[in-house]
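Okay, structure first, notes after.
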Amino acid sequence: MGTFDKEGNYIPRQITDQDIDDQHLEDAYASTMVQVEDGQIVSGKVVKIDRDEVLLDIGFKAEGIIPSRELDISNVIDPSEIVALGEEIEALVLQKEDKDGHLILSKKRAQYERAWGDIEETKEKDGTVSGKVIEVVKGGLILNIGLRGFLPASLVELRRVRDLQPYIGQTLEAKIIELDKNRNNVVLSRRAWLEETEKEQREAFLDNLKPGERRSGVVSSVVNFGAFVDLGGMDGLVHVSELSWKHVDHPSAVVQVGDEIEIQVLEVDLDRERISLSLKATQQDPWQEFASSHQVGELVYGRVTKLVPFGAFVQVGESIEGLVHISEISSHHIDLPEQVVTPGEELWVKIIDLDINRRRISLSIKQAAEGGVVAAEFQEHFGEHAYDAEGNYIGAVNEDVAADQDEAWAQYYSEVGDGEVPAEDGGLEGAEDGEVPAEDGGFEVAEDGPAEVHEEPVEDPV
């Protein structure tokens with residue numbers, strides 16, 4: 001500032017050494033401007049948003065222009081969906097000055113460069129990335145993680161997802177499993193992230209799951225070797241051999257996806273995090289059921305299923321087959337089973353041995369022919385009146401059959417016996433005292449007087 005003389009008059013300060021001429025003033029202005037180079041990342045404030053471009057003030061002598069195609073990798077048409085007025089953003093210098101003296105910038109390429117550095121660091125630390133799903137492509141999803149990250153369909157969830165469209169717009173966490181900057185290739189796995197974040201829950205679930213206990217679950221998938229069942233947090237496998245006590249050609253013959261079933265836990269592998277389940281363990285063992293309702297010496301009805309050189313197999317219950325040794329097929333010597341029985345033939349057999357531990361039953365056809373106690377289910381089939389108190393078969397009374405037989409015999413005797421027919425009271429019309437029917441249809445004299453009348457038993461089915 002200036003000074004005052006003795007009279008108090010103000011004397012202005014003289015400026016000479018620091019004076020700036022026009023050239024120096026322009027240089028001074030230039031020194032305050034931001035210096036930029038092609039490929040440089042700069043930051044600035046959004047000052048204008050148009051339909052096809054955004055203006056960014058980075059402190060340069062002219063505002064930078066970001067074309068709409070350079071705003072985001074998602075190729076959003078409306079720039080206002082990407083940036084807002086006054087927002088501070090980064091951009092990469094594509095062209096220092098165009099013909100109008102403007103900077104040409106790219107927001108998405110700045111993100112790309114920043115993203116690669118962050119992604120490489122994240123992968124080294126085995127961390128996770130987060131990004132919005134912007135596109136469904138063949139085989140998976142594209143996530144915006146500063147660049148285009150590919151998430152295969154098989155790695156979206158713990159189980160493969162068929163419909164990926166609902167994921168559009170969702171923000172997902174994922175692990176980086178493959179990274180190649182030269183090929184601009186980033187492969188992600190959300191399943192790996194889910195497995196990691198749910199590890200504690202899985203460990204707690206497995207700790208609480210004990211072999212032998214029964215659980216309810218829903219069939220989540222059916223494969224050639226069995227069925228996977230969702231137990232409410234983890235899947236367990238029911239091997240095809242554990243689906244049924246009967247032979248199963250394919251698991252789909254027993255269960256379908258979506259079926260709610262009760263299963264028993266067979267094994268829990270904590271190290272491999274695998275659960276083995278059984279459906280048939282929740283069902284009664286047909287062998288145990290057969291053993292509890294039958295005993296050695298009983299007669300059962302069966303069907304010949306297969307012939308072998310040493311005998312014949314006979315099915316005597318649901319999924320139950322027994323062996324008739326060749327020595328037990330006939331009372332006389334035979335060389336081959338087919339000399340007496342054929343596959344598909346139904347017949348009576350006697351149980352001569354029950355070995356439930358080895359799941360073997362020995363049967364006899366020749367001993368069945370000698371009679372015995374018929375198994376309870378067959379007594380019910382033929383009717384209780386056909387058996388005595390000990391269970392021995394004594395024949396079924398069928399009035400219709402008896403009437404048919406009487407009519408047949410009446411007709412027979414009317415034709416060959418000179419009109420003589422059996423009397424209703426058990427005697428014989430036309431026969432004199434002491435005469436009984438002869439085998440040829442005539443009469444013979446009984447030595448001890450009148451013949452005693454005996455009721456003919458019905459033929460034993462065994």
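The values are calculated or read from the model by the stated rules, or taken from the named source; none is laboratory data. Computed from a predicted structure; not experimentally measured. Ideal geometry is used to build each Cβ from the backbone, glycine not excepted, and the neighbour counts take in all protein chains shown. When the accessible area is computed, the model is the full protein with side chains, heavy atoms only, and any ligands, DNA or RNA have been set aside. Shrake-Rupley method; radii C 1.70, N 1.55, O 1.52, S 1.80 Å.
Can you give the convex hull volume per residue for the Cα atoms of the range 164-245, as a whole number of Å³? List each step's numbers first, then the result.
Working: hull volume 14.0 nm³, N = 82.
With only Cα atoms used, the range 164-245 gives 170 Å³ per residue.
With r as the distance between the Cβ atoms of Arg274 and Ser80 and R0 = 60 Å, compute the FRET efficiency 1/(1 + (r/R0)^6) and round to 0.05.
On the way: r = 52 Å, r/R0 = 0.86.
It comes to 0.70.
When you count, for each residue, the other Cβ atoms within 10 Å and take the mean per peptide, how do 365-376, 127-138 rank with the highest first?
Working: 365-376: 18.3, 127-138: 15.7.
Sorting 365-376, 127-138 by mean packing, highest first, produces 365-376, 127-138.
May I ask you to evaluate 6.51 cos²θ - 1.76 cosθ + 1.60, the Karplus curve with θ = phi - 60°, for each residue of the range 106-114 and list the ³J(HN,Hα) values in order in whole Hz, giving x for glycine and proline?
9, 6, 5, 6, 5, 4, 4, 5, 4
Note the full-extension length gain between Gln339 and Arg114 as 0.36 nm times their separation in residues minus their Cα-Cα distance, in nm to one decimal. Walk me through the numbers on the way to the answer.
Numbers: separation 225, 0.36 × 225 = 81.00 nm, distance 8.85 nm.
Separation in residues times 0.36 nm, less the Cα-Cα distance, equals 72.1 nm.
Report, ordered by chain and residue number, the lysines lying within cross-link reach of Lys210, taken as a straight Cα distance under 20 Å and ignoring same-chain residues fewer than 8 apart.
Partners found: Lys199, Lys280.
Given 0.36 nm per residue, what is the gain on full extension from Arg51 to Ser244 after removing their alpha carbon distance, in nm?
Numbers: separation 193, 0.36 × 193 = 69.48 nm, distance 6.69 nm.
Stretched fully, the Arg51-Ser244 segment lengthens by 62.8 nm.
Once each part is reduced to its C-alpha centroid, what is the distance from the range 337-363 to the range 223-287 in angstrom?
Measuring centre to centre over Cα atoms gives 32 Å.
Please list 3J(HN,Hα) in residue order for the range 57-73, calculated via the Karplus relation 6.51 cos²θ - 1.76 cosθ + 1.60 where θ = phi - 60°; whole Hz, with x for glycine and proline.
After applying 6.51 cos²θ - 1.76 cosθ + 1.60, I find 8, 10, x, 8, 5, 9, 6, x, 10, 10, x, 4, 5, 9, 7, 7, 6 Hz.
In the P(r) worked out for the range 303-371, what percent of Cα pairs fall beyond 21 Å? Each step should come with its number before you reach the end.
Numbers: 350 of 2346 pairs.
In whole percent, the share of Cα-Cα pairs in the range 303-371 beyond 21 Å is 15.
At a probe radius of 1.4 Å, what is the per-residue accessible area of Glu321, in Å² to the nearest 10?
That residue has around 80 Å² of solvent-accessible surface.
Divide, for the range 248-364, the radius of gyration over alpha carbons by 2.2 N^0.38 Å, where N is the residue count. Present the calculation step by step, with values, prior to reporting the outcome.
Numbers: Rg = 19.1 Å, N = 117, 2.2 N^0.38 = 13.4 Å.
This ratio for the range 248-364 stands at 1.42.
In sequence order, what are the phi-derived ³J(HN,Hα) couplings for the range 234-243 according to the Karplus relation 6.51 cos²θ - 1.76 cosθ + 1.60 with θ = phi - 60°, rounded to whole Hz, with x for glycine and proline?
With coefficients 6.51, -1.76 and 1.60, one gets 9, 9, x, 9, 9, 5, 4, 6, 10, 7 Hz.
So if R0 is 41 Å, what FRET efficiency would Gln201 and Val296 give, r being the distance between their Cβ atoms, rounded to the nearest 0.05? Don't skip to the answer; put the middle values down first.
Values: r = 54 Å, r/R0 = 1.32.
Approximately 0.15, to the nearest 0.05.
Pairs of alpha-carbon atoms within less than 8 angstrom and 6+ residues apart define the contacts here; what relative contact order does the range 125-182 have, in percent? Present the calculation step by step, with values, prior to reporting the outcome.
Details: 82 pairs, mean separation 23.6, N = 58.
Relative CO of the range 125-182 lands at 41 percent.
Round to the nearest 0.05 the FRET efficiency obtained for Leu158 and Thr282 when R0 = 35 Å and r is the Cβ-Cβ distance. Show your work: numbers first, answer last.
On the way: r = 26 Å, r/R0 = 0.74.
With a Förster radius of 35 Å, E is 0.85.
Just grab the label-to-label distance for Glu173 and Ala369, each label 7 Å out from Cα along the Cβ direction, in nm (one decimal).
7.9 nm
Can you tell me the dipole magnitude for the range 128-256 around its Cα centre, using point charges on the Cβ only (Lys, Arg +1; Asp, Glu -1), in Debye to the nearest 20?
Rounded to the nearest 20 debye, it is 360 debye.
Between Phe225 and Asp353, what is the label-to-label distance in nm when each label sits 7 Å out along the Cα-to-Cβ direction?
Result for the modelled spin labels: 3.7 nm.
Please report the base-10 log of the normalised intensity I(q)/I(0) for the range 189-314, using a Debye sum with one equal scatterer per alpha carbon and no solvent, at each q in 0.11, 0.14, 0.19 (1/Å).
Listed by q, the Debye log ratios stand at -0.53, -0.73, -1.07.
Please enumerate, by chain and number, the lysines with C-alpha under 23 Å from the C-alpha of Lys48, excluding those fewer than 8 residues away in the same chain.
Straight-line reach from Lys48, under 23 Å: Lys61, Lys96, Lys99, Lys107, Lys108.
Taking a virtual spin label 7 Å from the Cα of Arg215 along the C-beta vector, which residues in the range 232-256 bring their backbone nitrogen under 20 Å of it?
From the range 232-256, the list is 232-244, 255-256.
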